[in-house]
Amino acid sequence: MPVDKVVVRPPATSANMGPGFDSLGFAMELRDELTFERTGDAESMAITLDPDGKPCESMIPTGSDNLAIRAFATAFDEAGQQAPRVRVSIVNRIPVARGLGSSAAAIVAGLVAADAFMGIEPDLQRRLNRAARIEGHPDNTAACILGGVTASSLVGARVLWAKVPVRGNLLAVVAVPDFPVPTRAARNVLPGNVPYSDAVFNVGRVALLVASLASGDYANLRYAMDDRLHQPYRSAIVPGMVNAMRAACDAGAMGSYMSGAGPSILALLSGDTQPEIVAAAMEEAFARVRVNAVTMVLPMAMSGAECEVS
Ligand code: HSE
């Protein structure tokens, strides 16, 4: 039977987790909902809806440059098939251009929907490779596809990946400043080379971080989430970043880092810390430099993008 409608719910993701630049990704329970419906219209198009289902303005493109539509078309192209025209209704919950994986969510949704319309068994490896190629790096897309915490690395165009067997449940407080930082701009501030000592610093931190997450011994997380490869350079374009990270830890968070390319800051909590206290400390730190930030408390997403076909 031909598929007429596919609903995909991809999770928000936080890349890098501090020192794991372009490798670690953390999926969180905040999901966009993208409904792909066959339409007879000439061009595929997207509309953005608020959580009540009403059309709303957003920074999301509505034509063939929409990332979900592009990924959808790419999957059909590469399968040698003509993509059906679709109308994509997007309930957008993941803040756009804030370092929370909104573009990865759109790409993954497009690829998942394409497989569903083609009626083929998803090839996980192909999906991971394709998503990373469209996004340009594999960290957000791997976590968005697989859920949990993922480590990924490119060998040519192939994504090598492993899920980090996180001991216990992670809870994140995310502070989202009210200005966007496009990933390209945040990558442009990075240097071409880094001192050897900074590379050694990050190797140690990321090894400690992965081992801490797997063992459940979070005592060193504050140090294990430290970074010298991207955060120091990006602090120049995110006022209040360093203070918000410090405030989160002082308020009881186990560790804190810039989420992806920023500007959001993420703090990880253990079960006995009150998230509201950490959230208030982060908002206050941003407010001190006149940055408005909203906070969200998000558990780890155990599953990657979910899909319903009808
Ligand atoms: N690893 C990427 C970066 C994530 O930090 O530039 C961007 O979402």
How far is helix 124-135 tilted, in degrees, relative to the longest principal axis of the Cα atoms in the chain, given as a value from 0 to 90 rounded to the nearest 10?
-> 70
May I ask for the angle, rounded to the nearest 10°, between helix 67-78 and the longest principal axis of the chain, with both axes built from Cα atoms and the value confined to 0 to 90°?
-> 60
In degrees, nearest 10, the alpha-carbon axis of helix 196-215 is tilted away from the dominant principal axis of the alpha carbons of the chain by 70
For the chain, set up a Gaussian network in which alpha carbons nearer than 10 Å are linked by springs, and say which option among Asn193, Asn129, Asn169 fluctuates the most.
-> Asn193
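Please work out whether the chain counts as rounded, prolate or oblate from its C-alpha gyration tensor, where a ≥ b ≥ c are the square roots of the eigenvalues and a/c under 1.5 means rounded, while otherwise a/b larger than b/c means prolate and anything else oblate?
Details: a/c = 1.86, a/b = 1.57, b/c = 1.18.
Note, shape of the chain comes out prolate.
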Relative contact order (%) - criterion: Cα under 8 Å, at least six apart; region: the chain | 25
Return Ser212, Ser152, Ser89 ranked ascending by Cβ neighbour count within 10 Å, so the fewest neighbours appear first.
-> Ser89, Ser212, Ser152
All other residues with a Cβ under 13 Å from the Cβ of Asn202 taken together, and with Lys, Arg as +1 and Asp, Glu as -1, what is their net charge?
-> -2
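Quick check: net charge around Met17, other residues with Cβ under 15 Å of its Cβ, Lys/Arg +1 and Asp/Glu -1?
On the way: positive: Lys163, Arg205, Arg222, Arg228, Arg234; negative: Asp22, Asp139, Asp226, Asp227.
Within the 15 Å Cβ shell, the charges total +1.
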Within-13-Å neighbourhood charge of Leu171 [Cβ basis; K, R +1; D, E -1] = -3
In nm, the gap between the two label points placed 7 Å beyond Cα toward Cβ at Arg38 and Asn220 is 5.7
Extension length gain for Arg246 and Asp272 (0.36 nm per residue less Cα distance), in nm, is 7.5 nm
Residues Glu306, Glu135 arranged by fewest to most Cβ contacts within 10 Å = Glu306, Glu135
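Using a ≥ b ≥ c from the Cα gyration tensor of region 13-123 (square roots of the eigenvalues), is it rounded, prolate or oblate, where a/c under 1.5 gives rounded and otherwise the larger of a/b and b/c decides, a/b for prolate? Could you put the intermediate results ahead of the total?
Values: a/c = 2.16, a/b = 1.29, b/c = 1.67.
Verdict is oblate for region 13-123.
Contact order normalised by length for region 1-104, with contacts defined as Cα pairs under 8 Å and 6 or more residues apart; what percent is it?
Working: 182 pairs, mean separation 33.5, N = 104.
After rounding, I find 32 percent.
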Considering only Val238, Val173, Val194, give the residue with the highest GNM mean-square fluctuation for the chain, with springs between Cα atoms whenever their separation is below 10 Å.
-> Val194
Where a ≥ b ≥ c are root eigenvalues of the Cα gyration tensor, a/c under 1.5 meaning rounded, otherwise prolate if a/b exceeds b/c and oblate otherwise, region 124-224 counts as rounded
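FYI, it's all coordinate maths here, none of it is from the lab. What you see is a predicted model, and the numbers here were worked out from it, not measured in a lab. As a convention, Cβ positions derive from the backbone with ideal geometry for all residues, glycine included, and neighbour counts pool all protein chains shown.
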